[in-house]
Amino acid sequence: MSTLTASPQTLSEETFRQLRDFIYEKTGIYIPDNKKYFLENRLSRVIKEKNLRSYDDYLYYLKYSATKADIARLFDAVTTNETFFFREPQQFEVLASNLIPQIVKENAQMGRKDIKIWSAACSTGEEPYTIAMILLEKTELMTIRKEIYASDISESVLMSARRGMYGGYSVRNIPPQYMAKYFKDSGGVYILSENVKTLVKFMNINLIEEREVRQLKGIDIVFCRNVLIYFDDKAKKKVVSLIYDVLRPKGYLFIGTSESLHNITRAFRPVVINKVIVYQKV
Ligand SMILES: C[S@@+](CC[C@H](N)C(=O)[O-])C[C@H]1O[C@@H](n2cnc3c(N)ncnc32)[C@H](O)[C@@H]1O
(Lines give C-alpha, C1' and ligand atoms only; values in the text may rest on other atoms or scores of the structure.)
Protein backbone atom coordinates (compact mmCIF):
# COMPACT_ATOMS: atom_id res chain seq x y z
CA MET A 1 0.00 0.00 0.00
CA SER A 2 1.41 3.38 -0.94
CA THR A 3 1.69 5.76 1.94
CA LEU A 4 2.09 8.70 -0.45
CA THR A 5 -1.48 8.50 -1.70
CA ALA A 6 -3.16 8.33 1.73
CA SER A 7 -5.66 11.18 2.37
CA PRO A 8 -6.88 12.38 5.78
CA GLN A 9 -9.89 10.14 5.21
CA THR A 10 -7.87 6.94 5.01
CA LEU A 11 -5.36 5.80 7.55
CA SER A 12 -3.14 2.95 6.36
CA GLU A 13 -2.42 0.05 8.72
CA GLU A 14 1.26 0.92 8.81
CA THR A 15 0.69 4.61 9.61
CA PHE A 16 -1.92 3.64 12.20
CA ARG A 17 0.61 1.44 13.96
CA GLN A 18 3.29 4.12 13.89
CA LEU A 19 0.93 6.80 15.20
CA ARG A 20 -0.37 4.42 17.83
CA ASP A 21 3.18 3.62 18.98
CA PHE A 22 4.10 7.30 19.06
CA ILE A 23 1.06 8.08 21.25
CA TYR A 24 1.81 5.11 23.49
CA GLU A 25 5.44 6.20 24.03
CA LYS A 26 4.35 9.72 24.98
CA THR A 27 1.25 8.98 27.08
CA GLY A 28 0.92 5.30 28.01
CA ILE A 29 -2.43 5.29 26.16
CA TYR A 30 -2.61 2.09 24.14
CA ILE A 31 -4.92 2.01 21.12
CA PRO A 32 -5.58 -1.61 20.12
CA ASP A 33 -5.68 -2.82 16.49
CA ASN A 34 -9.47 -2.83 16.39
CA LYS A 35 -9.67 0.89 17.32
CA LYS A 36 -8.18 2.35 14.13
CA TYR A 37 -11.43 4.27 13.57
CA PHE A 38 -10.92 5.96 16.97
CA LEU A 39 -7.59 7.40 15.90
CA GLU A 40 -8.95 8.35 12.50
CA ASN A 41 -11.81 10.29 14.11
CA ARG A 42 -9.70 11.98 16.73
CA LEU A 43 -6.86 13.04 14.43
CA SER A 44 -8.69 14.11 11.27
CA ARG A 45 -9.53 17.49 12.82
CA VAL A 46 -5.96 18.13 13.95
CA ILE A 47 -4.73 17.31 10.45
CA LYS A 48 -7.19 19.82 8.96
CA GLU A 49 -6.19 22.48 11.51
CA LYS A 50 -2.56 22.04 10.50
CA ASN A 51 -3.37 22.13 6.81
CA LEU A 52 -1.68 18.81 6.29
CA ARG A 53 -2.70 16.46 3.49
CA SER A 54 -2.61 13.05 5.14
CA TYR A 55 -2.05 10.99 8.28
CA ASP A 56 1.41 10.19 6.89
CA ASP A 57 2.27 13.88 6.69
CA TYR A 58 1.03 14.30 10.25
CA LEU A 59 3.12 11.39 11.49
CA TYR A 60 6.20 12.80 9.79
CA TYR A 61 5.45 16.23 11.22
CA LEU A 62 5.02 14.82 14.74
CA LYS A 63 8.27 12.90 14.54
CA TYR A 64 10.50 15.61 13.10
CA SER A 65 9.02 19.11 13.50
CA ALA A 66 6.42 19.11 16.24
CA THR A 67 6.58 21.88 18.83
CA LYS A 68 5.51 21.46 22.46
CA ALA A 69 2.16 22.99 21.49
CA ASP A 70 1.67 20.37 18.76
CA ILE A 71 2.31 17.58 21.24
CA ALA A 72 -0.13 19.21 23.68
CA ARG A 73 -2.73 19.37 20.86
CA LEU A 74 -2.16 15.66 20.21
CA PHE A 75 -2.74 14.92 23.93
CA ASP A 76 -5.99 16.92 23.83
CA ALA A 77 -7.10 14.97 20.76
CA VAL A 78 -6.43 11.44 22.00
CA THR A 79 -7.62 11.69 25.60
CA THR A 80 -11.14 10.83 26.75
CA ASN A 81 -12.26 13.31 29.37
CA GLU A 82 -15.65 12.01 30.56
CA THR A 83 -16.25 12.96 34.21
CA PHE A 84 -18.85 14.47 36.55
CA PHE A 85 -19.23 15.60 40.17
CA PHE A 86 -19.72 12.88 42.80
CA ARG A 87 -18.89 10.10 40.33
CA GLU A 88 -18.79 6.73 42.15
CA PRO A 89 -20.18 8.37 45.31
CA GLN A 90 -19.57 5.38 47.61
CA GLN A 91 -15.82 6.13 47.33
CA PHE A 92 -16.40 9.70 48.49
CA GLU A 93 -18.49 8.37 51.38
CA VAL A 94 -15.51 6.24 52.49
CA LEU A 95 -13.23 9.23 52.06
CA ALA A 96 -15.44 11.44 54.24
CA SER A 97 -16.45 8.96 56.92
CA ASN A 98 -13.41 6.72 57.26
CA LEU A 99 -10.21 7.93 55.63
CA ILE A 100 -10.23 11.61 56.50
CA PRO A 101 -10.75 11.10 60.28
CA GLN A 102 -8.12 8.34 60.31
CA ILE A 103 -5.56 10.33 58.34
CA VAL A 104 -6.04 13.50 60.35
CA LYS A 105 -5.47 11.48 63.54
CA GLU A 106 -2.38 9.71 62.16
CA ASN A 107 -0.92 12.94 60.80
CA ALA A 108 -1.47 14.65 64.17
CA GLN A 109 0.50 11.84 65.85
CA MET A 110 3.36 12.67 63.46
CA GLY A 111 3.09 16.37 64.32
CA ARG A 112 1.35 17.21 61.01
CA LYS A 113 -1.63 19.55 60.84
CA ASP A 114 -2.43 19.01 57.18
CA ILE A 115 -4.00 16.64 54.69
CA LYS A 116 -2.77 16.22 51.11
CA ILE A 117 -4.93 14.70 48.39
CA TRP A 118 -4.03 14.30 44.69
CA SER A 119 -6.54 13.85 41.88
CA ALA A 120 -4.15 12.36 39.35
CA ALA A 121 -6.21 12.51 36.13
CA CYS A 122 -8.64 15.25 37.01
CA SER A 123 -10.05 16.11 33.56
CA THR A 124 -12.27 19.22 33.80
CA GLY A 125 -12.02 19.37 37.60
CA GLU A 126 -15.20 17.71 38.85
CA GLU A 127 -13.29 15.09 40.88
CA PRO A 128 -10.92 17.44 42.80
CA TYR A 129 -13.72 19.96 43.35
CA THR A 130 -15.93 17.19 44.77
CA ILE A 131 -13.10 16.37 47.18
CA ALA A 132 -12.72 20.07 48.04
CA MET A 133 -16.42 20.41 48.91
CA ILE A 134 -16.26 17.29 51.07
CA LEU A 135 -13.27 18.68 52.98
CA LEU A 136 -15.04 22.03 53.47
CA GLU A 137 -18.05 20.24 54.96
CA LYS A 138 -15.94 18.64 57.70
CA THR A 139 -15.83 20.95 60.71
CA GLU A 140 -12.96 18.98 62.27
CA LEU A 141 -10.80 20.13 59.34
CA MET A 142 -11.31 23.81 60.06
CA THR A 143 -7.87 24.19 61.59
CA ILE A 144 -6.19 21.65 59.27
CA ARG A 145 -4.28 22.79 56.19
CA LYS A 146 -6.04 21.31 53.15
CA GLU A 147 -3.94 20.74 50.02
CA ILE A 148 -5.62 19.33 46.95
CA TYR A 149 -3.48 18.82 43.86
CA ALA A 150 -5.22 18.09 40.58
CA SER A 151 -3.43 17.18 37.40
CA ASP A 152 -4.01 16.03 33.86
CA ILE A 153 -2.00 15.59 30.66
CA SER A 154 -4.49 17.66 28.63
CA GLU A 155 -4.03 21.41 28.84
CA SER A 156 -7.49 22.16 27.44
CA VAL A 157 -9.29 20.27 30.23
CA LEU A 158 -7.08 22.01 32.81
CA MET A 159 -8.07 25.41 31.40
CA SER A 160 -11.71 24.45 31.69
CA ALA A 161 -11.15 23.14 35.25
CA ARG A 162 -9.59 26.43 36.33
CA ARG A 163 -12.66 28.32 35.08
CA GLY A 164 -14.94 26.31 37.39
CA MET A 165 -18.08 26.67 35.23
CA TYR A 166 -20.21 23.60 34.49
CA GLY A 167 -23.21 22.41 32.51
CA GLY A 168 -26.17 20.34 33.65
CA TYR A 169 -24.56 16.98 32.81
CA SER A 170 -21.61 17.57 35.16
CA VAL A 171 -23.66 18.68 38.13
CA ARG A 172 -26.54 16.19 37.91
CA ASN A 173 -25.28 14.00 40.80
CA ILE A 174 -24.49 16.79 43.24
CA PRO A 175 -26.57 16.52 46.45
CA PRO A 176 -28.98 19.51 46.66
CA GLN A 177 -27.42 20.92 49.84
CA TYR A 178 -23.97 21.10 48.13
CA MET A 179 -25.54 22.61 45.02
CA ALA A 180 -27.22 25.35 47.03
CA LYS A 181 -24.12 26.10 49.07
CA TYR A 182 -21.33 25.97 46.48
CA PHE A 183 -22.85 26.86 43.08
CA LYS A 184 -24.55 29.83 41.49
CA ASP A 185 -26.97 29.02 38.66
CA SER A 186 -26.41 31.49 35.85
CA GLY A 187 -29.00 30.43 33.28
CA GLY A 188 -28.03 26.76 33.12
CA VAL A 189 -24.32 27.41 33.68
CA TYR A 190 -23.32 26.47 37.20
CA ILE A 191 -20.57 28.65 38.64
CA LEU A 192 -18.48 27.15 41.42
CA SER A 193 -17.79 29.33 44.45
CA GLU A 194 -14.32 30.78 45.01
CA ASN A 195 -13.76 29.10 48.40
CA VAL A 196 -13.91 25.69 46.66
CA LYS A 197 -11.78 26.80 43.71
CA THR A 198 -8.98 28.18 45.87
CA LEU A 199 -8.47 24.83 47.60
CA VAL A 200 -7.37 23.12 44.38
CA LYS A 201 -4.00 23.57 42.70
CA PHE A 202 -4.07 22.47 39.04
CA MET A 203 -0.93 21.19 37.33
CA ASN A 204 -0.04 19.57 34.02
CA ILE A 205 1.41 16.17 34.91
CA ASN A 206 1.89 13.29 32.49
CA LEU A 207 1.52 10.19 34.66
CA ILE A 208 4.11 8.16 32.78
CA GLU A 209 6.80 10.85 33.13
CA GLU A 210 8.74 10.18 36.32
CA ARG A 211 10.19 13.71 36.46
CA GLU A 212 6.73 15.26 36.34
CA VAL A 213 5.12 12.96 38.92
CA ARG A 214 8.00 13.46 41.34
CA GLN A 215 7.05 17.11 41.82
CA LEU A 216 4.62 15.77 44.42
CA LYS A 217 5.50 13.99 47.63
CA GLY A 218 4.06 13.00 51.01
CA ILE A 219 0.54 12.64 49.57
CA ASP A 220 -2.02 11.03 51.94
CA ILE A 221 -4.60 9.92 49.36
CA VAL A 222 -4.44 9.60 45.57
CA PHE A 223 -7.47 9.41 43.30
CA CYS A 224 -6.38 7.85 40.01
CA ARG A 225 -9.76 6.89 38.61
CA ASN A 226 -10.84 5.94 35.13
CA VAL A 227 -7.52 6.57 33.45
CA LEU A 228 -5.60 3.28 33.92
CA ILE A 229 -8.17 1.64 31.61
CA TYR A 230 -6.56 3.45 28.67
CA PHE A 231 -3.09 2.04 29.42
CA ASP A 232 -1.58 -1.39 28.78
CA ASP A 233 -0.17 -3.42 31.69
CA LYS A 234 3.37 -2.09 31.24
CA ALA A 235 2.22 1.53 31.45
CA LYS A 236 -0.16 0.72 34.33
CA LYS A 237 2.73 -0.81 36.31
CA LYS A 238 4.89 2.24 35.74
CA VAL A 239 2.16 4.71 36.76
CA VAL A 240 1.18 2.71 39.85
CA SER A 241 4.81 2.50 40.98
CA LEU A 242 5.24 6.28 40.53
CA ILE A 243 2.07 6.84 42.57
CA TYR A 244 3.47 4.52 45.23
CA ASP A 245 6.54 6.75 45.51
CA VAL A 246 4.60 9.99 46.01
CA LEU A 247 2.34 8.51 48.70
CA ARG A 248 3.34 8.76 52.33
CA PRO A 249 3.75 5.41 54.18
CA LYS A 250 0.33 3.71 54.56
CA GLY A 251 -1.25 6.24 52.19
CA TYR A 252 -4.30 5.30 50.12
CA LEU A 253 -5.09 4.96 46.43
CA PHE A 254 -8.54 4.97 44.82
CA ILE A 255 -8.89 3.64 41.28
CA GLY A 256 -12.16 3.51 39.31
CA THR A 257 -14.71 0.95 40.53
CA SER A 258 -14.52 -0.90 37.20
CA GLU A 259 -10.69 -1.00 37.30
CA SER A 260 -8.36 -3.47 38.99
CA LEU A 261 -4.73 -3.69 40.10
CA HIS A 262 -4.75 -7.46 39.72
CA ASN A 263 -1.38 -8.55 38.27
CA ILE A 264 -0.21 -4.93 38.29
CA THR A 265 1.28 -4.53 41.75
CA ARG A 266 1.82 -6.20 45.10
CA ALA A 267 2.99 -3.02 46.71
CA PHE A 268 -0.57 -2.08 47.63
CA ARG A 269 -2.88 -4.00 49.96
CA PRO A 270 -6.57 -3.95 48.98
CA VAL A 271 -8.62 -2.86 51.98
CA VAL A 272 -12.42 -3.18 51.90
CA ILE A 273 -14.35 -0.48 53.73
CA ASN A 274 -18.17 -0.53 53.44
CA LYS A 275 -17.89 -2.66 50.27
CA VAL A 276 -15.48 -0.16 48.67
CA ILE A 277 -11.97 -1.30 47.74
CA VAL A 278 -9.20 1.13 48.64
CA TYR A 279 -5.55 0.31 48.01
CA GLN A 280 -3.18 0.98 50.89
CA LYS A 281 0.56 1.44 50.41
CA VAL A 282 2.35 -1.35 52.30
C1 LIG B 1 -12.05 9.61 31.83
S2 LIG B 1 -11.11 10.93 32.52
C3 LIG B 1 -11.25 10.56 34.25
C4 LIG B 1 -11.55 11.79 35.07
C5 LIG B 1 -11.79 11.53 36.56
N6 LIG B 1 -10.63 10.93 37.18
C7 LIG B 1 -13.01 10.66 36.77
O8 LIG B 1 -12.87 9.49 37.16
O9 LIG B 1 -14.13 11.14 36.56
C10 LIG B 1 -9.44 10.42 32.14
C11 LIG B 1 -8.43 11.56 32.16
O12 LIG B 1 -7.11 11.00 32.15
C13 LIG B 1 -6.27 11.89 31.44
N14 LIG B 1 -5.04 11.19 31.01
C15 LIG B 1 -4.89 10.26 30.03
N16 LIG B 1 -3.61 9.88 29.94
C17 LIG B 1 -2.93 10.56 30.89
C18 LIG B 1 -1.56 10.61 31.29
N19 LIG B 1 -0.61 9.86 30.69
N20 LIG B 1 -1.22 11.43 32.31
C21 LIG B 1 -2.16 12.20 32.93
N22 LIG B 1 -3.46 12.21 32.59
C23 LIG B 1 -3.85 11.41 31.58
C24 LIG B 1 -7.15 12.37 30.29
O25 LIG B 1 -6.71 13.57 29.74
C26 LIG B 1 -8.52 12.47 30.96
O27 LIG B 1 -8.81 13.79 31.35
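The values are calculated or read from the model by the stated rules, or taken from the named source; none is laboratory data. Small disclaimer: the values here were computed from a predicted structure and weren't measured. In this analysis, Cβ positions are derived from the backbone assuming ideal geometry, glycine residues included, and neighbour counts consider all displayed protein chains.
Here are some notes:
- Hits in the range 106-130 (condition: assigned to a helix (DSSP H, G or I) and either closer than 17 Å to GLN177 by Cβ or among the charged types (D, E, K, R) (or both)): GLU106, GLU126, GLU127, TYR129, THR130
- When every residue of the range 255-271 is checked against the conditions, none turns out to be of a type in the set (S, T, N, Q), touching a residue at least 60 places away in the same chain (Cβ under 8 Å) and crowded, with 19+ Cβ neighbours inside 10 Å.
- Residue satisfying all of: in the range 154-192; in a loop (DSSP other than H, G, I, E, B) and out of contact with any Lys or Arg (no Cβ under 9 Å at 6 or more places or on another chain); farthest from GLU126 (Cα to Cα) among these: GLY187
- Qualifying residue in the range 29-46 (condition: in contact (Cβ under 8 Å) with a residue 40 or more places away in the chain, in a helix (DSSP H, G or I) and not assigned by TED's automatic domain parsing to the domain that holds LYS116): no
- When the range 159-169 is limited to residues that are within 16 Å of the ligand (Cβ to nearest atom) and loosely packed, with under 15 Cβ neighbours inside 10 Å, the one that is farthest from SER193 (Cα to Cα) turns out to be TYR169.
- Screening the candidates VAL213, VAL227, VAL196 for the property of being in contact with a helix residue (DSSP H, G or I) (Cβ under 7 Å, 6 or more places away or on another chain) and within 27 Å of GLN280 (Cβ to Cβ) yields one hit, VAL213.
- In this structure, SER156 does satisfy being surrounded by fewer than 17 Cβ atoms within 10 Å (Cβ to Cβ), within 15 Å of the ligand (Cβ to nearest atom) and of a type in the set (Gly, Ala, Ser).
- Unique residue being in a strand (DSSP E or B) and of a type outside the set (Gly, Ala, Ser) when the list is ILE103, ILE148: ILE148
- Meets criteria (modelled with pLDDT of 95 or more and part of a strand (DSSP E or B)) for LYS201: yes
- Considering SER119, SER151, the condition of being within 12 Å of the ligand (Cβ to nearest atom) and out of contact with any helix residue (DSSP H, G or I) (no Cβ under 7 Å at 6 or more places or on another chain) is satisfied by SER151 alone.
- Residue pairs whose Cβ atoms lie under 6 Å apart, separated by 6 or more positions or on different chains, with the first residue in the range 202-214 and within 19 Å of GLU127 (Cα to Cα) and the second away from the ligand (no atom under 12 Å from the Cβ), are PHE202/ARG162.
- Hits in the range 133-148 (condition: more than 19 Å from CYS122 (Cα to Cα), of a type outside the set (Lys, Arg) and out of contact with any helix residue (DSSP H, G or I) (no Cβ under 9 Å at 6 or more places or on another chain)): THR139, MET142, THR143
- Taken over the range 223-247, the residue count meeting the criterion of being more than 7 Å from the ligand (Cβ to nearest atom) and in a strand (DSSP E or B) is 3.
- The residue list LEU216, LEU199 contains one member that is within 16 Å of the ligand (Cβ to nearest atom) and not hydroxyl-bearing (Ser, Thr, Tyr), which is LEU216.
- Out of ARG248, ARG214, ARG145, ARG172, sole residue that is surrounded by 15 or more Cβ atoms within 10 Å (Cβ to Cβ), modelled with pLDDT of 95 or more and of a type in the set (D, E, K, R): ARG248
- Selection of the range 122-132 for residues being hydroxyl-bearing (Ser, Thr, Tyr) and either out of contact with any helix residue (DSSP H, G or I) (no Cβ under 9 Å at 6 or more places or on another chain) or more than 10 Å from the ligand (Cβ to nearest atom) (or both) yields only TYR129.
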